[in-house]
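See structure below.
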């Protein structure tokens with residue numbers, strides 16, 4: 001039952017996960033894992049009275065668990081039983097000081113009891129163990145504010161503002177790892193402390209869209225845009241959520257997405273998400289003995305394609321919309337030239353012809369291939385290759401995945417377009433594009449010769 005609960009949770013099916021976790025608890029109230037999962041899911045959907053009842057039952061029947069007692073303390077805090085919340089949380093923080101949730105609940109309860117000096121003392125102890133933890137830093141700042149220690153409070157608030165960037169990054173990582181309940185909790189914690197944080201509203205909106213909670217997603221995304229009108233990423237997802245997807249992603253959206261992602265792009269994509277498309281494309285080009293004397297890397301990003309080819313080319317140029325990505329690519333030292341431009345606009349302004357053009361994970365932002373193929377065909381020499389990857393759909397020429405904001409394609413439909421623009425049908429290799437939300441994203445690599 002726990003395995004079923006975990007599987008449903010990873011799939012974002014929280015109602016089913018809760019049902020399985022409840023049954024696991026009813027089978028054995030001494031099973032800590034079952035109790036923590038069930039209480040966590042109840043707390044996530046704000047069913048605090050139910051969570052309190054089940055936790056008291058488990059603890060009364062002999063369960064010895066600091067984390068379960070910390071969850072009960074959180075229930076008491078939410079139900080305004082602040083004295084009991086503080087007592088329980090202090091007991092856990094003393095016996096298991098590694099448990100951040102106990103310190104967090106203790107600080108919040110003491111603040112509600114108007115005991116800021118105790119909060120300051122407890123948070124200083126907590127931060128000695130959990131250095132630079134944002135939630136604890138915020139509680140410390142609030143305590144100093146309540147004691148009219150304005151200068152030291154402002155210093156703590158500034159520290160928290162810097163740490164909030166790490167909280168947002170962690171929330172996005174939790175989302176991609178499929179830990180959606182934890183990710184939502186993280187976003188809501190940030191917003192409780194920073195209600196005007198547009199990035200947190202935007203991240204929460206995208207997460208809710210993945211969970212098919214469309215109305216809530218639209219509200220969060222529209223809030224992000226009201227706070228930050230230049231937020232092109234949120235506008236992109238609002239269009240998707242309202243059922244009016246564009247035929248191709250707006251350049252401003254793609255630019256903003258990858259400028260924000262650049263510093264952690266390689267680690268997250270190739271590590272956490274298992275992304276190997278550049279290596280697989282490089283292998284296909286070698287197997288087919290493609291002419292690599294003049295290579296164009298469309299949407300070059302940080303330079304993963306050039307790294308995968310490992311210098312086995314005459315010259316390679318890169319094009320990308322993101323300034324930050326191009327900075328990373330420049331450090332690789334592989335590229336002859338790097339151009340900041342939209343990929344279609346790039347072809348319109350240049351007459352350079354190439355023997356091979358690569359588009360790794362680019363078509364997921366293009367949608368309608370027709371927009372790209374005509375200028376692309378003019379830029380590839382006869383006998384040259386176009387190598388690209390796609391996420392697969394079930395038969396449409398193109399479609400937009402409302403959960404991810406990425407376009408998906410169907411090989412047979414693409415082959416028809418390739419023929420119309422002077423290419424042979426592509427040679428296809430099915431693959432996994434990445435792992436996301438604990439699921440395999442099916443895709444394919446196409447290699448099409450210019451006739």
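Below, the figures for the structure above:
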{"quantity": "Test result for residue 445, assigned by TED's automatic domain parsing to the domain that holds residue 279, touching a residue at least 24 places away in the same chain (Cβ under 8 Å), assigned to a strand (DSSP E or B) and buried (at least 20 other Cβ atoms within 10 Å of the Cβ)", "calculated": "yes"}
{"quantity": "Any hit, the stretch 406-427, residues being in a strand (DSSP E or B), closer than 21 Å to residue 348 by Cα and in contact with a strand residue (DSSP E or B) (Cβ under 9 Å, 6 or more places away or on another chain)", "calculated": "yes"}
{"quantity": "The stretch 195-236, residues that are crowded, with 18+ Cβ neighbours inside 10 Å and more than 18 Å from the chain's Cα centre (by Cα)", "calculated": "223, 225"}
{"quantity": "Selection count where residues are over 28 Å from the mean Cα position of the chain (by Cα), assigned to a helix (DSSP H, G or I) and under 16 Å from residue 67 (Cα atoms), scope the stretch 1-34", "calculated": "2"}
{"quantity": "Selection count where residues are in contact (Cβ under 8 Å) with a residue 12 or more places away in the chain and closer than 17 Å to residue 135 by Cβ, scope the stretch 182-202", "calculated": "13"}
{"quantity": "Qualifying positions in the stretch 51-84 - surrounded by fewer than 16 Cβ atoms within 10 Å (Cβ to Cβ) and within 20 Å of residue 33 (Cα to Cα)", "calculated": "53, 56, 57, 60, 61, 62, 64"}
{"quantity": "Count of residues meeting criterion [free of Cβ contacts under 8 Å to residues at least 24 places away in the same chain and either on the phi > 0 side of the Ramachandran plot or not in a helix (DSSP H, G or I) (or both)] in the stretch 86-126", "calculated": "1"}
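Quick grid of which residues meet (1) assigned by TED's automatic domain parsing to the domain that holds residue 289; (2) closer than 19 Å to residue 247 by Cα; (3) within 29 Å of the chain's Cα centre (by Cα); (4) surrounded by fewer than 19 Cβ atoms within 10 Å (Cβ to Cβ):
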site	(1), (2), (3), (4)
358	yes, no, yes, no
380	yes, no, no, no
394	yes, yes, yes, yes
424	yes, no, no, yes
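The values are calculated or read from the model by the stated rules, or taken from the named source; none is laboratory data. What you are looking at is a predicted structure, and each value in this text was computed from that prediction instead of being measured. Note that we place each Cβ from the backbone using ideal geometry, even for glycine, and neighbour counts take in every protein chain shown.
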